[in-house]
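First comes the structure, then the notes that go with it.
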Amino acid sequence: SNPRFVTSVSPEPDIGRPHELLAHPDGKTLILAGTPAYGFTGGGLLFWDRQTQTRILLRHTDILPDHSTMSLVALPDGTLLGGTTTAPGTGGERKAKQAELYLLDLRSKKVVWHAVLLEGVQSYTDLCYDERNGMVYGFADRTRFFVFDPKTRRIVHERETEPCAGYQQGPRVFIISEDKRVFVLFVRSIAEVNPKTFDLTVLANSPVPITAGGDYLD
């Protein structure tokens, strides 16, 4: 609705197709991520300060060269956990061999750690932080559910599942209720994560495919 605003923050060609928009818990920072414009490889991160109305753009070479960020989650220690995708922009060349997880310091905008933790993965579909146990839940390539410990930087649980919900950009697989319960949207069902055992308990089946996400009401 405000063309001047849209033009002022447009990050092309670094983010030609957005996949993630994170409203940071600090109440002022918005972080946009996605794959690059047509023919390019490697997407960036756009940080928008709502208070100062200013932006900072990190290119893929500032994060992980030839990767794009597919999923993001804020951690209590001031870092961001990002999950990448090897997918290039439409018409671009896939150059990275495997997707990675990385930790980026919000204040310095520097990557402090990254690694290939799940062999063969091409995209980290979505991530979710659970305040109850300090773990991060995630899906890789839509069918590999995993639990990541930010303190040890290790995968502590992993299992194959049916495909989680996801339709192109912004899958929004996880939903957190007001009492901090974590729900998972699969294509054909809704499940809940047990914070102690990491079991996925199906609560309801869906009569139609779940694609672009959901929300929590009552």
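Step through the table entries K28/K180; K28/K97; K97/K180; K151/K180, compare each Cα-Cα distance with 31 Å, and write down the pairs that go over it. Don't jump to the answer; show the numbers that get you there.
Numbers: K28/K180 22 Å; K28/K97 35 Å; K97/K180 36 Å; K151/K180 21 Å.
Over 31 Å Cα-Cα: K28/K97; K97/K180.
Using the heavy atoms of the protein chains alone and a 1.4 angstrom probe, what is the accessible area of the chain per residue in square angstrom? Don't skip to the end; give the middle numbers.
Numbers: 11210 Å² over 218 residues.
Per residue, the chain has 51 Å² of solvent-accessible surface.
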The range 72-218 - percent of accessible surface contributed by carbon and sulfur, probe 1.4 Å: 48 percent
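Efficiency by 1/(1 + (r/R0)^6): what FRET value for R59 and A23, r their Cβ-Cβ distance, R0 = 25 Å, to the nearest 0.05? All intermediate terms of the calculation are to be shown ahead of the outcome.
Numbers: r = 23 Å, r/R0 = 0.90.
According to the calculation, E is roughly 0.65.
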Theoretical FRET efficiency, 1/(1+(r/R0)^6), r = Cβ-Cβ of V187 and K95, R0 30 Å, to 0.05: 0.50
Cα-based shape type of the range 24-76, given that a ≥ b ≥ c are square roots of the gyration tensor eigenvalues and the cut on a/c is 1.5: prolate
Cut-off 20 Å, label 7 Å out along Cα→Cβ of T197, residues of the range 132-163 by amide N: 132-138, 145-148, 156-162
Rg and Dmax of the range 67-176, Cα atoms only, in Å: 13.4, 42
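Mind checking the dipole of the chain: about its Cα centre, +1 per Lys or Arg Cβ, -1 per Asp or Glu Cβ, Debye to the nearest 20?
Values: 24 positive and 26 negative charges, 87 e Å.
Dipole size: approximately 420 debye.
The values are calculated or read from the model by the stated rules, or taken from the named source; none is laboratory data. Since we're looking at a predicted model, the values are computed, not measured. Please note: Cβ atoms are built from the backbone with ideal geometry, for glycine as well, and neighbour counts cover all protein chains shown. The accessibility values were calculated without ligands, DNA or RNA, using every heavy atom of the protein model including side chains. Shrake-Rupley method; radii C 1.70, N 1.55, O 1.52, S 1.80 Å.
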